[in-house]
Amino acid sequence: MAKNIVILGGGTGGTMVANHLAKGLKHDIKKGDVKITMITNAEEHIYQPGWLFVAFGLQHPEHYIKKQRAITHPSINLVIAEATKIDKDKKVVHTNKGDFSYDYLVIGTGAVPRFDLIPGLPEAGDDFYSPEGALKLREKITNFKGGKILITMGMPHKCPVAPIEFYLMAHEFFEKKGIRDKVELVYTYPLETVHSAANVAAWYKPQMEKRNIRYVTEFVPAKVDPQKKILYSKDGKEESFDLLVSIPPHRGAKVIFDSGLGNEMGFIPVNQYTLKAINDNYIYVIGDATALQISKAGSTAHYESEYVAKNIEQELHGQTPTNFYDGKVFCFIEAGLEEGTYINMDYNHPPNPVPQSAMIHWFKHAFNEMYWMTARGLL
Ligand SMILES: Cc1cc2nc3c(=O)[nH]c(=O)nc-3n(C[C@H](O)[C@H](O)[C@H](O)COP(=O)(O)OP(=O)(O)OC[C@H]3O[C@@H](n4cnc5c(N)ncnc54)[C@H](O)[C@@H]3O)c2cc1C
């Protein structure tokens, strides 16, 4: 009987791991020894980093969306369904379109921005973390005539550098528009510094000072008054705004809470080297869904997918897995509209931005185009 590999979630991590497996196990699939099923709840695959550019009107949203089927290897059984529960004892994923048994399960259900966790935020806040949010924000930014823009963040959130990019881009956007002197940019951050990574904070602080961006640290958002347009922090600080850009705290997917697999935030504890769920030999977890203390980023999911796919191949062939993820993450950072930098890190090496340049900015844009090849497992 064929061994069943089920991948839950067709985002960056799920798609990459599925495509790597389809290639690595092509002979086994042909012989009928292995079947790969990907369960995901959306017909369309979205390249989320693109929303940053959509928010500034620099690219159309359609540019970052493709049919999931088009980027999924033809040998993969793609099921568009909502998973409702994972039963790890019976090794079954329950969905609204039936049940799927597995020999190995890869969970890549991502992280969900939870606007609802901050009272008043759904009504008062704008965002670039969802397609609808980015389009609404585009209208507000491109028509902004002046006033105070405030950015607020909860922890954890995916792409820890996206708020930095947003503000450095906003500064230049309004400068080019000739109204920078009419726009007050205020950056709030929940920790003691302006970024969770010390070297990134050391790089970013003077960038803000140079551009006259005011920052407030230890600002943990508690609630928003949409009428008065005031954001309150947990310790009683207040900031008014004309436009509030929010990146709320993220939590795991509902199915993870409903299956009792995650921690209190709905993220799944894993072995940091094998990426196997703690105490479960048949479940691997990938990308934003893990409880690892590393960046929730597409790049993380990308590197992890290679290790997970190789280890599953080895296990299916009766071998001991020998691929140990080292925590590698690589992220480009836009430092305005024409320059960029990047950070590279792993479990033993913290990120440290390199000198910014126009070339790195263009590399980021080139990667945005190449993403679709990466998702297919070709790069
Ligand atoms: C504005 C923005 C900018 C970003 N910029 C960068 C960047 O520059 N570099 C970078 O590396 N990362 C960036 N990221 C982060 C990156 O997009 C995510 O970290 C990455 O997509 C995580 O991949 P994932 O596979 O873990 O989760 P996702 O890609 O979010 O995929 C999760 C999938 O699971 C599916 N799913 C969830 N629940 C269920 C269910 N019950 N049943 C079926 N399917 C389900 C979802 O529909 C989705 O398809 C950015 C993100 C945003 C929002």
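The values are calculated or read from the model by the stated rules, or taken from the named source; none is laboratory data. A quick note: this is a predicted structure, and the numbers were derived from the prediction, not measured. Note that we place each Cβ from the backbone using ideal geometry, even for glycine, and neighbour counts take in every protein chain shown. The area values use the complete protein model at the heavy-atom level, side chains included, leaving out ligands, DNA and RNA. Shrake-Rupley method; radii C 1.70, N 1.55, O 1.52, S 1.80 Å.
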Let me confirm something: among His45, His63, His73, which residue is more than 19 Å from the chain's Cα centre (by Cα) and either within 20 Å of Thr290 (Cβ to Cβ) or in the same structural domain as Val106 (by TED's automatic domain parsing) (or both)? His73
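Rundown of residues vs (1) crowded, with 18+ Cβ neighbours inside 10 Å; (2) under 16 Å from the mean Cα position of the chain (by Cα); (3) more than 10 Å from the ligand (Cβ to nearest atom), yes/no style:
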position	(1), (2), (3)
Ile283	yes, no, yes
Ala289	yes, yes, no
Glu304	yes, yes, no
Tyr325	yes, no, yes
Asn352	no, no, yes
Going residue by residue through the stretch 195-210, is there one that turns out to be in contact with a Lys or Arg (Cβ under 9 Å, 6 or more places away or on another chain), touching a residue at least 24 places away in the same chain (Cβ under 8 Å) and within 16 Å of the ligand (Cβ to nearest atom)? yes
Kindly state which helices (runs of 4 or more DSSP H) lie completely within the stretch 6-74 and contain at least 2 residues that are more than 12 Å from the ligand (Cβ to nearest atom). 12-24, 26-31
I'd like to know if the stretch 141-150 contains one or more residues that are hydrophobic (A, V, I, L, M, F, W, C) and within 15 Å of Tyr204 (Cβ to Cβ). no
Criterion: charged (D, E, K, R), open to solvent by 70 Å² or more (accessible area, probe 1.4 Å) and within 15 Å of the ligand (Cβ to nearest atom) - qualifying residue of Glu369, Glu338, Glu334: Glu369
Just to be sure, is Tyr347 open to solvent by 40 Å² or more (accessible area, probe 1.4 Å) and of a type in the set (Phe, Trp, Tyr)? yes
Taking the condition of being within 14 Å of the ligand (Cβ to nearest atom), touching a helix residue (DSSP H, G or I) at 6+ places or on another chain (Cβ under 6 Å) and open to solvent by 50 Å² or more (accessible area, probe 1.4 Å), how many residues in the stretch 102-134 meet it? 0
Which condition from (1) under 30 Å from Lys310 (Cβ atoms); (2) part of a loop (DSSP other than H, G, I, E, B) is the one that Glu338 breaks? (1)
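Using the structure shown, decide if Ile294 is part of a strand (DSSP E or B) and within 13 Å of the ligand (Cβ to nearest atom).
Spelling it out, it is not the case that Ile294 is part of a strand (DSSP E or B) and within 13 Å of the ligand (Cβ to nearest atom).
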Single condition Arg214 does not satisfy, out of (1) modelled with pLDDT under 95; (2) under 26 Å from Pro353 (Cβ atoms): (1)
Among the candidates Leu137, Leu150, single out the residue that is buried (at least 21 other Cβ atoms within 10 Å of the Cβ) and not in a strand (DSSP E or B). Leu137
Condition met for Tyr104 (at pLDDT 95 or above, closer than 29 Å to Leu378 by Cα and not assigned by TED's automatic domain parsing to the domain that holds Tyr282): no
With Pro249, Pro226, Pro221 as the choices, which residue is touching a Gly at 6+ places or on another chain (Cβ under 7 Å), open to solvent by 40 Å² or more (accessible area, probe 1.4 Å) and more than 17 Å from Leu8 (Cα to Cα)? Pro226
Filter the stretch 354-364 down to the residues that are part of a loop (DSSP other than H, G, I, E, B) and either out of contact with any Phe, Trp or Tyr (no Cβ under 8 Å at 6 or more places or on another chain) or on the phi > 0 side of the Ramachandran plot (or both), then identify the one that is surrounded by the most Cβ atoms within 10 Å (Cβ to Cβ). Gln356
Just to be sure, is Ile76 β-branched (Val, Ile, Thr) and either exposed (fewer than 15 other Cβ atoms within 10 Å of the Cβ) or in contact with a Gly (Cβ under 9 Å, 6 or more places away or on another chain) (or both)? no
